[in-house]
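Worksheet for the structure shown next.
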Amino acid sequence: MDSLDPALTKKLKDGYLTNAQNTSLSEIAEILQVAKQFSVAPISGFHVGACAIGASGNIYIGANMEFSGAPLSASLHAEQSALVNAWMHGENEITDLHVTEAPCGHCRQFLRELNNESTIRIHAQEKTYLLADLLPDAFVLDPKKNYGLLNTPPHKLEAIHSTENNLLVRALNAAQLSYVPYTLNPEGCILECSSGQLFSGRTAESAAYNPTVNAVICALNQRNLSSHREEAILSAHFAKLATGIQSQASLNKAILSSITNVVIETLLFEFC
Ligand SMILES: [Zn+2]
């Protein structure tokens with residue numbers, strides 16, 4: 001991280017810039033290079049940076065993440081990283097997505113989940129596209145769901161057994177904002193770092209399943225884009241559906257054990 005622009009890095013302390021409406025294209029190019037340096041790619045050595053421009057005027061960076069020892073399917077791509085970062089900060093619409101490489105098919109499919117997937121402008125390698133240019137005849141499920149990744153309605157969830165554990169309660173709260181229109185299987189995750197800083201994650205599904213970003217990857221992304229990225233993770237707390245037809249538990253364990261040894265605690269919930 002030595003070569004990061006110190007002023008820009010300081011401004012990007014939590015992975016985003018506020019009031020950035022007047023950011024020029026040359027400044028975007030600089031932000032992309034900074035974003036790229038947040039990439040963690042121990043398997044491919046291939047580093048990608050992205051940034052998403054929010055309708056609010058905020059800019060959210062993204063970078064790819066790979067996990068040694070975990071399945072390749074756990075990899076997070078830079079475009080997904082930026083979109084999930086915006087989502088976790090409460091952004092309601094992304095107008096533009098800039099990326100240092102052409103988006104792969106996996107990311108094009110994930111972009112389909114945005115509420116404004118038909119209007120978002122995608123900028124890569126000095127060209128600008130609409131998603132329909134990059135993904136004609138797209139695979140779509142339930143086009144009448146009337147919401148997308150950035151404007152999903154909250155789920156009403158209730159713990160099976162009450163708990164005094166504040167981190168489990170936070171994980172339940174995170175799960176309530178999952179975007180899971182295809183499996184209705186929300187999950188929340190809270191990672192606790194050595195400074196006491198907490199990172200929250202929740203599931204962002206794709207209709208094609210594989211591009212889905214699960215809750216622990218979502219939380220690890222927020223940690224990686226923050227100034228706490230080097231801190232040890234002390235604990236991982238999850239909240240998951242008691243009757244879920246699928247489970248992320250084994251993948252969660254594989255991903256976390258590739259980074260750190262932590263005890264995983266889980267709260268089970270059901271829909272109210
Ligand atoms: Zn991709």
* Asked: Taking the range 107-149, which residues are closer than 20 Å to S178 by Cα and in contact (Cβ under 8 Å) with a residue 60 or more places away in the chain?
  -> C107, Q109, F110, R112, E113, V140, L141, D142, L149
* Of all residues in the range 164-193, which are in a loop (DSSP other than H, G, I, E, B) and touching a strand residue (DSSP E or B) at 6+ places or on another chain (Cβ under 6 Å)? -> Q176, L177, S178, N185
* To do: For F110, indicate whether it is surrounded by 24 or more Cβ atoms within 10 Å (Cβ to Cβ), within 11 Å of the ligand (Cβ to nearest atom) and in the same structural domain as V140 (by TED's automatic domain parsing).
  => yes
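To keep it simple, each residue is scored yes or no on (1) within 25 Å of R108 (Cβ to Cβ); (2) aromatic (F, W, Y); (3) assigned by TED's automatic domain parsing to the domain that holds Q222.
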{"site": "N165", "(1), (2), (3)": "no, no, yes"}
{"site": "A174", "(1), (2), (3)": "no, no, yes"}
{"site": "Y179", "(1), (2), (3)": "yes, yes, yes"}
{"site": "T183", "(1), (2), (3)": "yes, no, yes"}
{"site": "E187", "(1), (2), (3)": "yes, no, yes"}
{"site": "L191", "(1), (2), (3)": "no, no, yes"}
{"site": "G196", "(1), (2), (3)": "no, no, yes"}
{"site": "G201", "(1), (2), (3)": "yes, no, yes"}
{"site": "E205", "(1), (2), (3)": "yes, no, yes"}
* Of these, N252, N261, which one is among the polar types (S, T, N, Q), more than 18 Å from V169 (Cα to Cα) and not in a loop (DSSP other than H, G, I, E, B)? -> N252
* Could you tell me whether the range 118-135 includes any residue that is surrounded by 13 or more Cβ atoms within 10 Å (Cβ to Cβ), over 17 Å from T212 (Cα atoms), within 16 Å of the ligand (Cβ to nearest atom) and among the β-branched types (V, I, T)? => yes
* Structure fact -> Being in the same structural domain as I31 (by TED's automatic domain parsing) and on the phi > 0 side of the Ramachandran plot narrows D133, D142 down to just D142
* Of all residues making up the range 232-243, the number that are surrounded by fewer than 17 Cβ atoms within 10 Å (Cβ to Cβ) and touching a Ser or Thr at 6+ places or on another chain (Cβ under 8 Å) -> 2
* Counting only residues that are farther than 16 Å from A74 by Cα and not hydroxyl-bearing (S, T, Y), how many does the range 247-272 have? -> 11
* **the range 15-38, residues that are part of a loop (DSSP other than H, G, I, E, B) and either without any contact (Cβ under 8 Å) to a residue 40 or more places away in the chain or buried (at least 17 other Cβ atoms within 10 Å of the Cβ) (or both)** => G15, N19, A20, Q21, N22, T23, S24, Q37, F38
* To do: Filter the range 227-251 down to the residues that are of a type in the set (S, T, N, Q) and at pLDDT below 95, then identify the one that is farthest from R112 (Cα to Cα).
  => S227
* To do: Quickly run through the range 153-190 and pick out the residues that are surrounded by fewer than 20 Cβ atoms within 10 Å (Cβ to Cβ) and β-branched (V, I, T).
  => I160, T163, V169, V180, T183
* Given the structure, is S81 within 12 Å of the ligand (Cβ to nearest atom), touching a residue at least 40 places away in the same chain (Cβ under 8 Å) and of a type in the set (G, A, S)? -> yes
* Asked: If you scan the range 51-74, which residues turn out to be more than 17 Å from R229 (Cβ to Cβ) and either without any contact (Cβ under 8 Å) to a residue 12 or more places away in the chain or outside any loop (DSSP other than H, G, I, E, B) (or both)?
  -> C51, A52, I53, G54, I59, L72, S73, A74
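Here are some residues: S68, S39. Which one is within 16 Å of the ligand (Cβ to nearest atom) and hydroxyl-bearing (S, T, Y)? Before the answer, list the steps.
Working: S68 fails: within 16 Å of the ligand (Cβ to nearest atom).
Result of the check over S68, S39: S39.
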* Asked: What pairs can you find where one residue is in the range 189-206 and over 13 Å from V262 (Cα atoms), the other is among the acidic types (D, E) and part of a strand (DSSP E or B), and their Cβ atoms are less than 7 Å apart, with a gap of 6+ or different chains?
  -> L198/E192; R202/E187; T203/E187
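The values are calculated or read from the model by the stated rules, or taken from the named source; none is laboratory data. Bear in mind that the values here come from a model prediction, so they are computed numbers and not experimental data. Counting neighbours? That spans all protein chains shown, and the Cβs are built from the backbone with ideal geometry, glycine included.
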